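The values are calculated or read from the model by the stated rules, or taken from the named source; none is laboratory data. Predicted model, so just to flag it, every value in this text is computed and none were measured. Don't worry about glycine lacking a Cβ; one is built from the backbone with ideal geometry, like all the others, and counts go over all protein chains shown.
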Amino acid sequence: MGPQRAAPACLLLTCLMACIALSVPPPRGGLSQALIANEDPRPKVPLDLPASGAGFEDEPEPVPQEILFFDQYFEGDAFVWVIDKSGSMAGERLALLKFELGRAIEQLSRRSELGLVAFSSNTVAWRDHPVVADSVNKHRAVAWIDAIEPGGITMVGPAGVKALEIVQQSQQPDRRLIVVSDGEPQDAGNALVNIGSANYGAVPIDTMLVSESDAGRPFMQALAAQNGGSFTWRLP
């Protein structure tokens with residue numbers, strides 16, 4: 001027991017001698033106060049944190065948004081849909097397209113952009129430029145989709161070119177076109193050439209065939225393949 005009591009006394013004596021040698025008065029409170037006074041006053045940062053972070057996470061890098069459309073996931077931050085409104089889309093096909101498209105648009109965040117182009121014998125664009133996907137614009141886009149009436153033949157070429165003009169105005173890094181139709185267009189050959197020529201920004205073009213028939217499959221597959229996109233066949 002004797003040696004155990006001597007250790008604190010020796011430490012106190014050493015501290016007092018050092019204070020006398022430096023002409024510094026001993027701290028009040030004994031040895032414990034002396035040790036506290038000698039601690040580094042700078043705040044301590046945990047060793048597993050980066051020096052610049054000081055406990056705060058860095059801002060995350062922007063990443064493409066993922067949305068679900070016809071049970072398939074698509075990534076991007078600027079989406080332009082090219083949708084078939086020809087007479088053959090009347091009924092269940094167009095109703096399903098409107099539902100799926102409205103649901104996909106609602107998933108977009110404010111950091112994304114969107115655009116819409118509908119085609120049949122003519123081409124109609126909702127806007128001539130991409131718009132921010134805020135709540136107001138999403139509501140207006142869905143209302144425009146709901147008002148579409150089917151009619152005419154399938155001419156996708158001009159619509160594809162128009163959609164590329166819109167999406168290539170976007171400054172977003174991950175732009176994407178999604179073409180939805182129920183069959184082979186009347187301008188299939190010219191459409192492949194014209195759309196390919198207009199895609200100078202190498203925007204991926206995904207295609208979606210919504211039909212019980214595979215008549216439009218060769219065209220839709222070719223359009224996706226030549227523009228770095230994916231092809232999906234969806235039964236209505």
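Here are the numbers for the structure shown:
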| quantity | calculated |
| --- | --- |
| Failed item, numbered, when V179 is tested on (1) assigned to a loop (DSSP other than H, G, I, E, B); (2) crowded, with 18+ Cβ neighbours inside 10 Å | (1) |
| Test result for I195, outside any loop (DSSP other than H, G, I, E, B), within 21 Å of S112 (Cβ to Cβ) and at pLDDT 95 or above | no |
| The stretch 108-126, subset outside any strand (DSSP E or B) and among the hydrophobic types (A, V, I, L, M, F, W, C), residue surrounded by the fewest Cβ atoms within 10 Å (Cβ to Cβ) | W126 |
| M208 farther than 22 Å from A104 by Cα, out of contact with any Gly (no Cβ under 9 Å at 6 or more places or on another chain) and in contact (Cβ under 8 Å) with a residue 24 or more places away in the chain | no |
| Residues satisfying the stated conditions in the stretch 118-150, i.e. within 21 Å of the chain's Cα centre (by Cα) and β-branched (V, I, T) | V131, V132, V136, V142 |
| A118 being under 21 Å from N199 (Cα atoms), assigned by TED's automatic domain parsing to the domain that holds A225, in contact with a Leu (Cβ under 8 Å, 6 or more places away or on another chain) and of a type outside the set (F, W, Y) | no |
